[in-house]
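J.: Sending over a structure as structure tokens; questions will come in a sec.
The values are calculated or read from the model by the stated rules, or taken from the named source; none is laboratory data. Every value quoted in this text rests on a predicted model; they were computed, and no experiment measured them. Cβ atoms come from the backbone with ideal geometry, glycine included; neighbour counts cover every protein chain shown.
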Amino acid sequence: MNELITSSAAALADKLAAGEVSAVEVTQAHLDRISEVDGAVNAFLHVNTDEALQVAADVDKARAAGESLHTLAGVPIAIKDLIVTKGQPTTAGSKMLEGWMSPYDATVITRIRAARMPMLGKTNLDEFAMGSSTEHSAFGPTHNPWDLDRIPGGSGGGSAAAVAAFEAPLALGTDTGGSIRQPAAVTGSVGVKPTYGGVSRYGAIAMASSLDQIGPVSRTVLDAALLQEVIGGHDPRDSTSLPDPVGNLVEAARNGTVAGMRIGVIKELQGEGYEAGVLARFQESLELLKDAGAEIVEVSCPNFKYALGAYYLIMPSEASSNLAKYDGVRYGLRALPADGPMTIERVMGATRAAGFGEEVKRRIILGTYALSAGYYDAYYGSAQKVRTLIQRDFNAAFAQADVLISPTSPNTAFKLGEKLDDPLAMYLNDVATIPANMAGVPGISIPGGLADGLPVGIQFLAPVREDARLYRAGAALEGLLEQKWGGPLLASAPVLGGVK
Ligand code: GLN
């Protein structure tokens with residue numbers, strides 16, 4: 001396999017800076033890989049060949065002219081198709097936006113352009129980011145590179161699969177309840193949900209605004225840190241954006257250590273409902289961390305058991321409001337009623353019936369109901385109170401531990417179709433990731449080994465604005481595990497990833 005596509009982003013950046021390779025060669029190698037494997041993986045909804053090569057050629061020219069460039073200049077990236085991009089279509093995985101071209105760039109895209117990173121294209125997702133398997137995409141599911149009959153997680157299955165199949169060294173995802181971390185877990189990649197407000201949401205198509213966060217997907221912890229430093233920092237266009245950056249992430253990722261760190265094992269995020277293989281890998285990681293000098297403590301977060309239930313009131317409520325704008329009037333799809341009067345209500349009804357898939361409709365109905373007069377206090381109001389209790393659980397846990405740890409997902413990648421008709425089984429995939437979104441705290445998932453040949457993810461959580469701790473602990477565990485395995489986990493992927 002071409003060494004350029006198996007290199008980390010950091011290694012590519014070094015090779016580019018040393019003049020060992022050109023940005024055009026690096027970009028072309030990834031575009032070739034996409035042509036070779038994406039028919040089977042379906043990670044990409046749009047491949048941005050011409051523009052990516054143009055940006056790469058400009059980087060090479062600038063470097064030759066002696067211009068000073070960003071570290072990641074010329075390192076390609078894939079973008080989840082929930083993030084708006086000028087000059088490339090943005091669909092949100094929905095027929096509602098098929099063929100739509102955004103007239104503006106998201107702030108993260110503006111920053112990627114400023115760093116001069118070639119954008120390889122837009123990646124597949126569950127429609128409007130609602131799902132845990134990418135099977136709710138209107139454009140067909142993405143396949144897990146470890147086993148093409150299995151799901152790549154969701155909603156950001158396209159970004160995770162692209163990185164795991166070596167189609168891109170880096171990708172952007174969005175995480176409302178786990179859509180960066182859970183796909184990373186089941187594909188053996190790294191995914192980070194930054195502190196809420198740490199990365200601008202301007203131009204991320206809103207699902208649930210109080211939970212949504214853009215973040216990096218990569219194959220190494222250091223690469224994720226490099227990318228978060230590109231996209232993070234204050235943005236006046238996002239009213240929830242934090243005023244200053246959240247610490248020196250790259251420095252933390254380069255100096256991974258857990259010596260003297262108090263790591264809190266969340267009692268409630270293990271045991272019943274978690275696959276035995278997942279728990280076995282989790283225990284192994286705990287042993288390694290202990291041997292490396294971490295102090296392992298048990299913490300209890302009793303209200304986490306209500307997190308999933310509260311999430312499925314708050315998230316649909318906010319989504320029902322955010323998705324009201326797809327009405328066939330402003331932009332996107334317009335469908336006309338088959339017969340009868342052509343009133344605006346009937347055009348809206350026909351448009352929303354034709355444009356939205358089943359899962360999106362289910363959540364709009366749920367959210368509209370939860371917000372309706374008479375039910376607001378009982379459902380939405382109660383869920384917000386639960387949210388406060390979850391925040392208090394985190395505060396108490398972080399009084400005892402510097403970071404918290406759990407499996408990222410209770411299970412490994414399941415078969416395509418296995419949970420499609422069972423929404424509750426699908427929702428349970430995020431039982432360990434949702435608490436972080438409810439409290440705005442940052443989380444990382446790193447590969448923790450295999451169970452029955454499929455990747456298991458290990459999640460670290462840190463207090464708000466302490467993203468650097470995630471990178472420090474994540475890099476440490478990554479190093480310990482790779483030492484044990486004799487190399488990165490993805491090097492052993494049997495189907496498409498395998499580089500040995
Ligand atoms: N899987 C979760 C859901 O379906 C999370 C989605 C997300 O993070 N975008 O809501």
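J.: Against the condition of a type in the set (D, E, K, R) and either closer than 22 Å to Pro118 by Cβ or over 12 Å from the mean Cα position of the chain (by Cα) (or both), how does Arg201 come out, does it pass?
T.: On the way: of a type in the set (D, E, K, R): yes; either closer than 22 Å to Pro118 by Cβ or over 12 Å from the mean Cα position of the chain (by Cα) (or both): yes.
Here the answer is yes, as Arg201 does meet what is asked.
J.: What is the residue count in the stretch 258-305 for residues that are within 25 Å of the chain's Cα centre (by Cα) and in a strand (DSSP E or B)?
T.: Count: 4.
J.: Restricting attention to the stretch 126-151, and to residues there that are among the small types (Gly, Ala, Ser), within 13 Å of the ligand (Cβ to nearest atom) and part of a loop (DSSP other than H, G, I, E, B), which single residue is farthest from Gly188 (Cα to Cα)?
T.: Step by step, filter the stretch 126-151, then rank; the result is Ser137.
J.: Right, here's the next one. Can you give me the ranges of the helices (runs of 4 or more DSSP H) entirely in the stretch 389-500 with at least 1 residues that are within 16 Å of the ligand (Cβ to nearest atom) and crowded, with 24+ Cβ neighbours inside 10 Å? Let's see the steps before the verdict.
T.: Values: elements: 423-427, 434-439, 467-485.
Hits in the stretch 389-500: 434-439.
J.: Somewhere in the stretch 384-395, is a residue touching a strand residue (DSSP E or B) at 6+ places or on another chain (Cβ under 9 Å), within 30 Å of Gly448 (Cα to Cα) and in contact (Cβ under 8 Å) with a residue 40 or more places away in the chain?
T.: Among the residues of the stretch 384-395, at least one is touching a strand residue (DSSP E or B) at 6+ places or on another chain (Cβ under 9 Å), within 30 Å of Gly448 (Cα to Cα) and in contact (Cβ under 8 Å) with a residue 40 or more places away in the chain, which makes the answer yes.
J.: For the stretch 164-172, indicate whether the set of residues that are touching a Lys or Arg at 6+ places or on another chain (Cβ under 9 Å), modelled with pLDDT of 95 or more, within 16 Å of the ligand (Cβ to nearest atom) and of a type outside the set (Gly, Ala, Ser) is non-empty.
T.: For the stretch 164-172, residues touching a Lys or Arg at 6+ places or on another chain (Cβ under 9 Å), modelled with pLDDT of 95 or more, within 16 Å of the ligand (Cβ to nearest atom) and of a type outside the set (Gly, Ala, Ser): present.
J.: So which residues in the stretch 248-279 are loosely packed, with under 14 Cβ neighbours inside 10 Å and at pLDDT 95 or above, if there are any at all?
T.: Those that are loosely packed, with under 14 Cβ neighbours inside 10 Å and at pLDDT 95 or above: Glu251, Asn255, Ala259, Gly260, Ala276.
J.: Could I ask something else about it? Filter the stretch 199-243 for residues that are in a helix (DSSP H, G or I) and closer than 15 Å to Ser159 by Cβ; which is farthest from the ligand (Cβ to nearest atom)?
T.: It comes out as Asp223.
J.: Another question, then. For the stretch 132-152, check the following and say yes or no: at least one residue is of a type in the set (Lys, Arg) and surrounded by 24 or more Cβ atoms within 10 Å (Cβ to Cβ).
T.: No - not one qualifying residue is present in the stretch 132-152.
J.: Quick check on the stretch 279-321: of everything there that is of a type in the set (A, V, I, L, M, F, W, C) and under 18 Å from Asp212 (Cβ atoms), which residue is nearest to the ligand (Cβ to nearest atom)?
T.: The selected residue is Met315.
J.: Looking only at the stretch 173-194, filter to residues that are assigned to a helix (DSSP H, G or I) and farther than 16 Å from Met207 by Cβ; which one of those is farthest from the ligand (Cβ to nearest atom)?
T.: Thr187
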